[in-house]
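As structure tokens, the structure follows; a few thoughts come after it.
The values are calculated or read from the model by the stated rules, or taken from the named source; none is laboratory data. Bear in mind that the values here come from a model prediction, so they are computed numbers and not experimental data. Virtual Cβ from ideal backbone geometry, glycine too; neighbours counted across all protein chains shown. Quick note on the areas: whole protein, heavy atoms, side chains included, nothing else; ligands and nucleic acids left out. Shrake-Rupley method; radii C 1.70, N 1.55, O 1.52, S 1.80 Å.
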Amino acid sequence: MICAYCGKNGKKTSEHIISRGVLELFPECNYTYNNNLKKVYQSEPVVNDVCSDCNNKKLTYIDAYATEFVKEYFMKDYEPNCNVLVNYDYNLLSKMLIKYAFNDSRALKKNISYFDEEVKSFLLNKENTLIPKNISIYGGIAVNTSAYPSFMFGNKKLLWICNPVFLENSLIRYYDTETGQVIPRENLENWDIKGLQFSYLFKFNSGQFIIMFWTDKEMQQKYEKVISLMYPYTLIEPNKTNVILQRCTHAYNFHIPEIIDVSWGISMADATNSLVRTDINPIFIQKKLNEEWEKYEEVVRNKYFASKEERKHKKKHRHKGS
Ligand SMILES: [Zn+2]
């Protein structure tokens, strides 16, 4: 087998599309639903074209960073008006997202010509900090402000989507403050962003990231700032080390993060929440239900970690005995 990263002939191993360490942070999400292939499977999502040297040695520094990064900021849930200060290493963050995008593109058997020798060398070499392509990275915080608990849609804590939809205008066109009626926009147009080759959206529980791959520097510079004004995602800048992330979802797209609504779409959607005029607040009930569900998740997690410890212990014992 020819390794997808180093190009050498080697024994094939299973490379996780999303780092195993990140998957292990959420053992309660034990089924994988591949939206693109329309498949549900219980095993972890992998791609089998990476040699052991790349998978178990050369690329591990990226996985280590990814696990720490997600664990530090996105395991917990945030309030709707949050300002989350996130420290980052741009070089490692970009490597993490490029690697996931490359892995997923191969798993989907897409054209991977974009991920050329320069990109692969960038990923394989820890010391290589010169990003070979024109990319933009945006981040936001996913907060459930809908009436539906998160688990009702299948516990989508980890999600990755190629080419999410960038709406040209808000999902909600109008709401009637007298009747509470919400009128969605008909004929919603997607913004076909010039110079954007493709993009990926990654959801790590409460953290949502978009990486955009541009045809050239000119297009990147032309649209990068416009996009951060138009959408509720904050541009993560290469020459900085921290960013304040804010909520990027509303009641209507929290469960379908691949639909990226414009910034003013958030205030439109939030306003409809305040139109609920019964004594029973559906968001309050959602929060209560979610809390109950989280107790169950805690049990699943603890069980997983306990059995992992046990396996480790047994292994240690076996080594001693031999
Ligand atoms: Zn290799």
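Modelled spin-label separation between E298 and R173, with each label point placed 7 Å from Cα along the Cα-to-Cβ direction: 4.6 nm. Between K312 and I244, the modelled label-to-label distance comes to 3.8 nm, taking each label 7 Å out from Cα in the direction of the beta carbon.
Taking a quarter of the surface of the convex hull around the Cα atoms of segment 12-321, what do you get in nm²?
On the way: hull surface 72.8 nm².
It is 18.2 nm².
If exposed means no more than 11 neighbouring beta carbons inside 10 Å and the site is in a DSSP loop, what's the longest run of the chain without any exposed trypsin sites (Lys or Arg not before Pro)? Please report the intermediate quantities before stating the final value.
Values: sites that count: K8, K11, K38, K76, K109, K194, K240, R277.
Answer from the scan: 110-193.
Database remark: amide H of Q197 closer than 5 angstrom to the amide H of F213, W214, T215 (H placed geometrically; neighbours at sequence offset of 5 or more, or on other chains; Pro and chain starts carry no H).
Computed over the chain with a Gaussian network model linking Cα atoms closer than 10 Å, the most mobile of N273, N302, N163 is N302. Helical runs assigned H by DSSP (4 residues or longer) give the chain a calculated mean residue ellipticity at 222 nm of -11000 deg cm²/dmol, each run adding -39500 (n - 2.57) before division by the residue total.
For segment 12-321, the antiparallel share of DSSP beta bridges with both residues in that region comes to about 95%. Note on L59: accessible area approximately 0 square angstrom, rounded to 10, probe 1.4 Å, nucleic acids and ligands left out. Once the 1.4 Å probe is applied to the protein heavy atoms, the chain comes out at 54 Å² accessible per residue. Using C-alpha pairs below 8 Å separated by at least 6 residues, the relative contact order for the chain is 20 percent. Ordered by solvent-accessible area of protein heavy atoms (1.4 Å probe), largest first, the residues M230, M96 come out as M230, M96. Only one residue of S274, F69, L289 has its Cα farthest out toward the positive end of the dipole of the chain, where Lys and Arg carry +1 and Asp and Glu -1 on Cβ, and that residue is F69.
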